[in-house]
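Beneath this line is the structure, given in structure tokens, with notes to follow.
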Amino acid sequence: MIVAIDGPAASGKGTLGKRLAAHYGFAHLDTGLLYRAVARALLDAGKSLEDENEAAIAARKLDLDALDEEKLRGAEMGSAASKVAAFPMVRAALVQLQRAFATKPEGAVIDGRDIGTIICPDADVKMFVTASAEERANRRFRELSSKGDIITYDEVLADIRARDERDTNRAVAPLRPAADARLLDTTEMDIDTAFRAAIAIVDAVGR
Ligand code: CDP
């Protein structure tokens, strides 16, 4: 079974993806990490985030098993990721790897921006997880602050708005719900409530 979860920054899709995967015994891929890793590789090599060719080379070299989540989280990398994620050559370089992950025999939960629309248009379950920009900024602010990131709520909100804008308006694989996705607005939900709602959506397709 393939569960595709899309949604904007800090909507809770990553946490939901992780918990759903643990609940059903499926593998989990947070595809945001791939774009973050491409941006990280460019920055580490002293290359520009504007260089599509170099970004595509970095994308082709990515090793799923070598992603260092600790190094890739953080507000700065999220924003850098959304720049390289707009390059068609970068997205093309990452398609096969994501589709291969989706064929895991035990089942797969994949979260990102274009999973239900482009990567796995035939996914058994599609969810579009969202929340108001202010609530998402609240959550991300708490998460970053607890990790020691020195950042203000206003900066987090501005970053989330800028990323929403870039991800929604880019020409290739823009952020949008698949026509057959179930919408899950988590603005008024804590994570346990959102998790129960997500389980109900998966179970409804007949596990
Ligand atoms: O965790 P958060 O939602 O803040 O970000 P993320 O999921 O790690 O994604 C970082 C950036 O990568 C996003 O702002 C998108 O621009 C890009 N991305 C994408 O274009 N397509 C995906 N499937 C996943 C992420």
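The values are calculated or read from the model by the stated rules, or taken from the named source; none is laboratory data. Just so it is clear, the structure is predicted and the values come from calculations on it, not from any experiment. Cβ placement follows ideal geometry from the backbone for every residue including glycine, while neighbour counts extend to all protein chains displayed. Accessible surface is based on the protein model in full, side chains and every heavy atom, while ligands, DNA and RNA are left aside. Shrake-Rupley method; radii C 1.70, N 1.55, O 1.52, S 1.80 Å.
What the table shows:
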| quantity | calculated |
| --- | --- |
| Helices (runs of 4 or more DSSP H) wholly inside segment 1-93 containing at least 1 residues that are among the aromatic types (Phe, Trp, Tyr) | 13-24, 32-44 |
| Flag for residue 146 being of a type outside the set (Val, Ile, Thr) and over 16 Å from residue 14 (Cβ atoms) | no |
| Cβ pairs under 7 Å, 6+ apart, first in segment 102-117 and more than 14 Å from the ligand (Cβ to nearest atom) and assigned to a loop (DSSP other than H, G, I, E, B), second modelled with pLDDT of 95 or more and open to solvent by 30 Å² or more (accessible area, probe 1.4 Å) | 106/25; 107/1; 107/24 |
| Any hit, segment 49-57, residues being in contact (Cβ under 8 Å) with a residue 24 or more places away in the chain, open to solvent by less than 20 Å² (accessible area, probe 1.4 Å) and among the polar types (S, T, N, Q) | no |
| Qualifying residue in segment 77-99 (condition: within 15 Å of the ligand (Cβ to nearest atom), surrounded by fewer than 19 Cβ atoms within 10 Å (Cβ to Cβ) and β-branched (Val, Ile, Thr)) | yes |
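This table checks each residue for (1) open to solvent by 70 Å² or more (accessible area, probe 1.4 Å); (2) farther than 23 Å from residue 86 by Cα.
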{"site": "129", "(1), (2)": "no, no"}
{"site": "134", "(1), (2)": "yes, yes"}
{"site": "145", "(1), (2)": "no, yes"}
{"site": "148", "(1), (2)": "no, yes"}
{"site": "159", "(1), (2)": "no, no"}
{"site": "166", "(1), (2)": "yes, no"}
{"site": "175", "(1), (2)": "no, no"}
{"site": "182", "(1), (2)": "yes, yes"}
{"site": "198", "(1), (2)": "no, yes"}
